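In what follows, a single structure is set out as structure tokens and then discussed.
The values are calculated or read from the model by the stated rules, or taken from the named source; none is laboratory data. Every value quoted in this text rests on a predicted model; they were computed, and no experiment measured them. No Cβ is skipped: glycine too gets one built from the backbone with ideal geometry, and neighbour counts run over all protein chains shown. Just so you know, the surface numbers come from the protein's heavy atoms only, side chains and all, with ligands and any DNA or RNA stripped out. Shrake-Rupley method; radii C 1.70, N 1.55, O 1.52, S 1.80 Å.
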Amino acid sequence: MSNSPASAEGLIAKRYVLFYNECEMKPRTRKSISPPLEKEQDRYTRALVQMSNDGILVFGEDRSIAFVNQMATVLTGYPPEELLEKDVISILGNEVKAVLEQLKGPGDKLCQEVQIQTAGGERRDIYLCLALAEGGNGEVKGCAYLTDITERKRFEERLRVSERRYRELFERVGEGLFISSPEGRFIDCNQVFLDMLGYATKEELLQIDIATGPYVVPEQRGAFQEMMERDGSVREWEVEFKRKDGGKITVLLSAHAIRAGDGQAVGYEGIIIDITHRKQLERELHETNDFMKLLIESSPYAIIATDIKGNIIVFNRAAEELLRYKAEDVLEKIHITQLYPPGVAKEVMKKLRSPDYGGEGKFTGSEFKVVDRRGKEIPIHLSTAIVYQDGQEVASIGIFTDLRPRLVMEQELQETHLQLIQLEKLRSLGEMAAGVAHEINNPLGGILIYASLLMEGLVSDDAKREDLGRIIQEATRCKEIVRSLLEFARQSGPKLELTDVNRAITDGLHFLENQATFHNIEIIKELDPSIPPLWGSAGQLKQVFLNIMVNAADAMHGRGVLTIKTFFARDGDKVAIEFSDTGGGIPEDILPRIFDPFFTTKRVGEGTGLGLSMSYGIVREHRGNIEVDTVVGSGTTFRVLLPVGYEEAPAQEGAGNP
């Protein structure tokens with residue numbers, strides 16, 4: 001039996017027939033039934049009334065209860081004998097009075113929900129139907145039909161609470177919620193959904209077509225429906241929605257299909273999460289990352305980063321150039337220790353974790369060596385740091401500065417410094433030599449004149465002639481030394497003219513080849529005929545070449561190979577004149593002094609020590625330089641470098657003579 005009011009009311013009408021004896025509503029029916037059958041019918045009727053799931057009360061005009069069934073005692077909590085002693089108002093409540101007053105006569109009936117209090121004090125919800133009927137003796141009796149709807153009312157209350165909570169949740173949730181139809185209309189939504197799409201009222205939103213309304217790309221509505229039909233749901237689908245004002249938002253759309261009993265989708269429930277701000281942050285972060293990558297890649301210094309295990313995760317272009325690796329061959333494939341000589345990586349990490357080198361986690365820098373792809377060690381300056389996240393080491397990063405250019409520059413500066421010192425020595429010695437030469441030149445001239453006169457006055461077999469000859473010889477040698485000193489002290493520049501370097505070498509060789517020192521020396525000439533004439537003093541340059549070649553012959557002790565080459569050097573802006581011998585080489589302790597004035601390794605009387613000093617000075621006056629490569633036991637190479645195209649106004653040549 002249904003508990004709904006409509007079905008209860010219909011059932012009351014049917015059941016009036018079953019308990020008419022209690023109400024004595026149809027006495028004429030009794031006349032058509034024989035007494036035995038009437039008793040049998042009464043017995044069955046009373047049994048059916050007692051078995052009813054609904055409580056039945058029959059009361060008289062004075063409202064005292066005349067009959068109750070078993071369910072009535074269950075619903076009210078009173079035993080039958082107590083109920084029969086009470087009136088219907090005390091059981092059903094005072095509100096029943098107003099209902100009874102509305103019943104005017106037999107046949108009238110009213111139904112409504114009431115709440116009664118049981119004998120135990122419990123409140124029980126009842127669906128009550130009241131009816132009046134006239135008995136055979138003209139007496140009007142009332143019948144009350146009680147249906148217990150307490151559980152239904154509780155369920156309805158729980159349902160109302162649940163609906164209220166659902167609606168509150170629906171409206172208060174921080175994301176946009178919606179219900180839509182497969183035909184493309186919104187059925188319901190919360191306020192957040194309205195705010196996201198910029199609509200003022202729900203009614204306004206419910207009028208739009210979904211395909212042409214919120215979707216920036218209308219075809220995505222069809223794709224959404226296909227996924228819903230195929231999978232029954234959509235999870236975190238990134239899509240762009242269009243606001244009422246034309247603005248765009250990016251949302252994550254999740255939804256599931258509402259299906260009827262036959263499995264057909266009748267609607268969609270979904271949620272959208274506005275990720276526009278997050279996407280903007282992602283774009284900004286991506287742009288920042290791209291900019292940082294560009295900074296790292298554009299750095300002139302090698303930048304290498306590793307994870308906590310030492311695997312390389314950053315390797316910029318400068319690192320590729322320094323170590324001759326390609327980034328794709330290094331990233332997450334090579335361990336950082338492979339880029340250092342053995343033990344150096346551990347030393348770096350030890351200093352990096354020590355507070356003594358710039359603070360813990362920082363290493364302000366020191367000089368180390370790294371190993372390139374070919375195994376060559378490269379001097380570098382390293383600054384490095386540990387990267388921390390939440391107090392934990394996650395990576396390390398280092399900046400590697402190639403020291404090779406600096407070392408070359410330092411070497412060049414050192415050489416320049418030494419050359420300046422040498423020039424200062426030459427200047428000082430030149431000034432002194434000039435003064436000494438002028439002072440002793442005249443006495444030497446007098447000695448030579450008087451010694452020659454004395455020799456002319458002696459007979460040929462006079463023993464004094466040998467002594468005078470020795471005096472003249474030594475005085476002449478002193479005269480040559482004085483002349484060299486005067487040339488060394490010369491303060492005016494050479495007279496410049498276009499000079500054929502190859503010819504100057506050839507002329508010098510013609511002069512030397514006939515000397516006994518060169519008889520057992522093989523001379524190899526590799527002279528580049530394309531070398532143009534250079535501005536310079538042919539005589540002075542020939543003197544330089546002769547000095548170097550004579551020294552080479554002396555170094556080989558008159559036996560060996562002398563190779564002479566001329567060629568363009570250093571991008572063609574200089575001409576190199578190279579003299580290579582196969583002598584014993586120059587010891588390391590002597591090499592720095594070979595251009596010092598008066599320094600010589602020859603025995604006393606065999607050299608003045610001014611040849612290379614004068615050669616060095618001449619080459620410097622021509623804005624050139626002399627380089628020396630030597631290997632002890634293998635030989636020495638002197639390399640004269642002269643500029644191409646150097647031209648200077650001819651200088652006045654000082655007399656420099658006494």
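With the cut-off at 32 Å, tell me which of the pairs K244/K293; K86/K109; K326/K362; K369/K565 have Cα atoms farther apart than that. Pairs exceeding 32 Å: K244/K293; K369/K565. From the square roots a ≥ b ≥ c of the eigenvalues of the alpha-carbon gyration tensor of region 176-229, which class results: rounded (a/c under 1.5), prolate (a/b over b/c), or oblate? Because a/c hits 1.5 or more and a/b exceeds b/c, region 176-229 counts as prolate. Screening the chain for whole DSSP H helices with an alpha carbon extent of at least 27 angstrom along the helix axis and a mean Kyte-Doolittle hydropathy of at least -1.0 yields 404-456, 464-488. Between the residues Y357, A434, P214, the greatest Cα displacement towards the positive end of the dipole of the chain, with unit charges on the Cβ of Lys, Arg, Asp and Glu, is found for P214. Electrostatic tally near L75: other residues with Cβ closer than 11 Å to its Cβ, Lys and Arg +1, Asp and Glu -1, net -3.
Just check region 235-315 against the gyration tensor rule for me: Cα atoms, a ≥ b ≥ c as the square roots of the eigenvalues, rounded for a/c under 1.5, and otherwise prolate or oblate depending on whether a/b exceeds b/c. In terms of gyration-tensor shape, oblate. Rolling a 1.4 Å probe across all protein chains gives E456 an accessible area of roughly 140 Å².
Legend: residues K369, K574, K242, sorted from most to least accessible area (1.4 Å probe; ligands, DNA and RNA excluded), read K369, K242, K574. Each Lys and Arg adds +1 at its Cβ and each Asp and Glu adds -1 at its Cβ; summed about the Cα centre, region 342-381 shows a dipole of about 200 debye. For the set K109, K479, solvent exposure ranked by accessible area (probe 1.4 Å, protein chains only) runs largest to smallest as K109, K479.
The solvent-accessible area of H286, taken with every protein chain present and a 1.4 Å probe, is close to 110 Å².
Leaving ligands, DNA and RNA out of it, report the carbon-plus-sulfur percent of the accessible area of region 208-258 at a 1.4 Å probe. Carbon-and-sulfur percentage of accessible area, whole number: 47. Among rounded, prolate and oblate, which fits region 314-421 when a ≥ b ≥ c are the square roots of the eigenvalues of its C-alpha gyration tensor, a/c under 1.5 means rounded, and a/b larger than b/c means prolate? It is oblate, given that a/c is not under 1.5 and a/b is not larger than b/c. In terms of overall dimensions, the chain has a Cα radius of gyration and Dmax of 62.0, 209 angstrom.
Annotation: per residue accessible area for region 311-350 equals 58 Å², rounded to a whole number [probe 1.4 Å, protein chains only].
Mean sequence separation of contacting Cα pairs (under 8 Å, at least six apart), scaled by the length of region 61-110, corresponds to a relative contact order of 32 percent. Counted over region 49-199 with a bin width of 10 Å, the fraction of Cα pairs per bin, in whole percents, is 10, 30, 20, 10, 12, 12, 4, 0. When only Cα pairs below 8 angstrom with a gap of at least 6 residues are kept, region 285-442 shows a relative contact order of 18 percent. In the full protein context, region 138-243 carries 54 Å² of accessible surface per residue, based on a 1.4 Å probe and ignoring ligands, DNA and RNA. What's the carbon and sulfur percent of region 283-342's accessible surface, probe 1.4 angstrom, rounded to a whole number? Ligands and nucleic acids excluded, carbon and sulfur give 56 percent. For the chain, a simple Cβ point-charge model (Lys and Arg +1, Asp and Glu -1, everything else neutral) yields a dipole of about 1100 debye relative to the Cα centre. Do you know the relative contact order of the chain, to the nearest whole percent, from alpha carbon pairs under 8 angstrom that are 6+ apart? Across the chain, relative contact order equals 6 percent. The magnitude of the dipole of region 249-359, with charges of +1 and -1 set on the Cβ of Lys/Arg and Asp/Glu and taken from the Cα centre, is near 460 debye.
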